[in-house]
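First the structure, in the form of structure tokens, and then the observations on it.
Each reported figure results from applying straightforward, stated rules to the coordinates on display, with no laboratory input. None of these values were measured; they are calculated from a predicted model. All Cβ positions, glycine included, derive from the backbone under ideal geometry; neighbour counts span all protein chains shown.
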Amino acid sequence: IDWKFGRVPVPDVSGNLQLAAYALGAMQLTGATRCVAHVFQPRIKAHTCHEFTRPDAIARNIRRVIDRATSGPLVLEAGEQCRYCKAKAVCPAFKAQTDALAVMRDSTKALTTPETLATYYAKAQIVKRFCTQVEDAMKAYLDEHGECAGYAYQEVAGRREVSDICGLCFAVSDIITRGEFLECCTASTAQVESLYVDKVCAAASAKGEKLTKKDAKERFEAGAAAFISRAKPTRIVVFKEVAQ
């Protein structure tokens with residue numbers, strides 16, 4: 001079983017060389033001739049599985065991959081694997097892909113067809129992470145040198161925060177009632193829950209009682225359910241196989 005905690009869908013197990021290699025290793029270790037491999041992605045509620053029954057064929061396929069990678073001239077091809085590669089900044093194949101996306105930015109008509117839109121969306125996700133790496137590299141350079149080919153930091157005012165809620169409540173109490181003031185405030189559910197759990201567990205421990213954090217959280221949820229609501233669910237774009 002391979003747990004994947006990212007939000008990017010991974011290839012179905014039946015066509016996933018990584019899982020095939022894991023299954024081969026398990027079969028070689030145990031002497032078995034079959035292995036069921038699973039991939040679970042809980043964040044996007046995805047699960048695929050496949051039973052591998054041909055260890056010799058998997059081994060030959062892996063050897064072919066190694067031979068292709070180690071013999072003859074190196075051929076670079078941009079693709080899904082670029083998402084995790086640290087050499088994107090110096091890779092000509094990746095540069096060609098980003099250049100193609102740059103050309104597309106002024107051609108919005110081409111993005112109206114589903115096939116083209118899907119193709120460039122997938123490429124854009126790979127480039128997005130690279131853009132983050134470029135921004136981090138720029139900030140690191142500016143931290144050290146102060147300027148980079150005309151780019152420099154510009155300081156902007158920080159966001160205002162209330163450092164003393166009780167003090168502020170007292171300061172405006174001649175105009176704003178306590179109830180009105182509380183309506184302006186928000187509380188972190190996670191922080192309140194954590195504080196509640198810690199204090200309840202400490203109190204139980206002082207009495208010589210055993211109370212798990214799970215039980216304390218359930219007690220919190222039961223008592224606070226009427227006062228806590230969940231925000232609207234968010235939507236993320238995921239790839240789903242289209243039924244033929």
Practice prompt. Taking the Cα centre of the chain as origin, work out the dipole magnitude from +1 charges on Lys and Arg Cβ and -1 charges on Asp and Glu Cβ, in debye rounded to 20.
Written response: 940 debye
Worksheet entry | Selection from A187, C166, T132, by position along the positive dipole direction of the chain (Cβ) | T132
Worksheet item: Lys/Arg Cβ at +1, Asp/Glu Cβ at -1, dipole of the chain taken about the Cα centre: which of V237, L74, I176 is farthest positive-ward?
Response: L74
Fill in: L76/R34 FRET efficiency (R0 25 Å; Cβ-Cβ; nearest 0.05)
0.10
Worksheet item: So which residue, out of E209, E77, E135, gets the largest mean-square fluctuation from a GNM of the chain using Cα contacts under 10 Å as springs?
Response: E209
Practice prompt. Taking only Cα atoms and a 10 Å spring cutoff, compute GNM fluctuations for the chain and point out the largest among F94, F130, F170.
Written response: F170
Worksheet, complete the sentence: Taking a label point 7 Å from the Cα of A96 along Cα-to-Cβ, the residues of the stretch 112-154 whose backbone nitrogen sits under 15 Å from it are none
Discussion item. With +1 on the Cβ of every Lys and Arg and -1 on the Cβ of every Asp and Glu, and nothing else charged, how large is the dipole of the stretch 1-136 about its Cα centre, in debye rounded to the nearest 20?
Written reply: 120 debye
Discussion item. If each residue of separation counts as 0.36 nm, what is the full-extension length gain between R68 and I165 once their alpha-carbon separation is subtracted?
Written reply: 28.5 nm
Worksheet entry | Calculated FRET value between A225 and V8, using beta carbons and R₀ = 51 Å, to 0.05 | 0.90
